[in-house]
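The values are calculated or read from the model by the stated rules, or taken from the named source; none is laboratory data. Everything numeric in this text was worked out from a predicted model, so none of it was measured. Note that each Cβ is placed from the backbone with ideal geometry, even for glycine, and that neighbours are counted across all protein chains shown. The protein model used for the area step is the full one, side chains on, heavy atoms only, and it has no ligands, DNA or RNA in it. Shrake-Rupley method; radii C 1.70, N 1.55, O 1.52, S 1.80 Å.
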Amino acid sequence: MSLQGGCFCGAVRYEAHGQPFNSTLCHCTDCRKVSGAPAFAWFSVTTTSLHWTASAPQRFRSSEHAVRSFCPDCGTTLTWHDERWPDEVDLATASLDDPEQVPPADHTFVRSRLGWLKLQDGLPQYQKTRAEG
């Protein structure tokens, strides 16, 4: 599978090859804050499958183990990378040219879900990560 995407203004573009995995709607406070949205859709790819095809994004450390990236021109959130899993990187689903290619498969960090956001899609819900339940 080939996935293409980029930021709002088009300055940062990427392509990822292979099968995406861990597609989720994350409800953690950090994702909500960096996106300004009540939940944030992510999916994972292997780090070796991701290639920047235009300008590369800017990065910042958002927590002890995580580095996020965004477009330095328009601010679009693009990636999240946990250094404890060096072989994978999460891409912002809505940054895809066709976000319908990778629909969410679950909800993570629902313990942080905003009370007014009602989840009625029938997808599995995890209080924290998939591994922590």
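With 35, 44, 62 as the choices, which residue is in contact (Cβ under 8 Å) with a residue 24 or more places away in the chain, over 16 Å from residue 15 (Cβ atoms) and under 11 Å from the mean Cα position of the chain (by Cα)?
The unique qualifying residue is 35.
Answer yes or no: is there a residue in the range 101-116 that is of a type in the set (S, T, N, Q) and in contact with a Phe, Trp or Tyr (Cβ under 8 Å, 6 or more places away or on another chain).
So far as the range 101-116 goes, yes, one or more of its residues are of a type in the set (S, T, N, Q) and in contact with a Phe, Trp or Tyr (Cβ under 8 Å, 6 or more places away or on another chain).
Checking residue 46 against (1) modelled with pLDDT of 95 or more; (2) open to solvent by 50 Å² or more (accessible area, probe 1.4 Å); (3) farther than 29 Å from residue 110 by Cβ: exactly one of these is not met. Which one?
Condition (3) is where residue 46 drops out.
For the range 51-69, give me each residue that is farther than 21 Å from residue 21 by Cα, assigned to a strand (DSSP E or B) and among the hydrophobic types (A, V, I, L, M, F, W, C).
60
Checking residue 2 against (1) within 23 Å of residue 127 (Cβ to Cβ); (2) open to solvent by less than 50 Å² (accessible area, probe 1.4 Å); (3) of a type in the set (Gly, Ala, Ser): exactly one of these is not met. Which one?
The number of the failed condition is (1).
Can you name every residue in the range 5-34 that is small (Gly, Ala, Ser) and either within 24 Å of residue 133 (Cα to Cα) or in a loop (DSSP other than H, G, I, E, B) (or both)?
10, 11, 18, 23
Inside the range 102-120, can you point out the residues that are under 17 Å from the mean Cα position of the chain (by Cα), over 11 Å from residue 28 (Cβ atoms) and open to solvent by 40 Å² or more (accessible area, probe 1.4 Å)?
Those that are under 17 Å from the mean Cα position of the chain (by Cα), over 11 Å from residue 28 (Cβ atoms) and open to solvent by 40 Å² or more (accessible area, probe 1.4 Å): 103, 104, 105.
Which one is nearest to residue 5 (Cα to Cα) among residues in the range 53-85 that are surrounded by 15 or more Cβ atoms within 10 Å (Cβ to Cβ) and among the aromatic types (Phe, Trp, Tyr)?
Here the answer is 70.
Taking the range 5-32 on its own, how many of its residues are of a type in the set (S, T, N, Q), under 30 Å from residue 118 (Cβ atoms) and exposed (fewer than 14 other Cβ atoms within 10 Å of the Cβ)?
Of the residues in the range 5-32, 1 are of a type in the set (S, T, N, Q), under 30 Å from residue 118 (Cβ atoms) and exposed (fewer than 14 other Cβ atoms within 10 Å of the Cβ).
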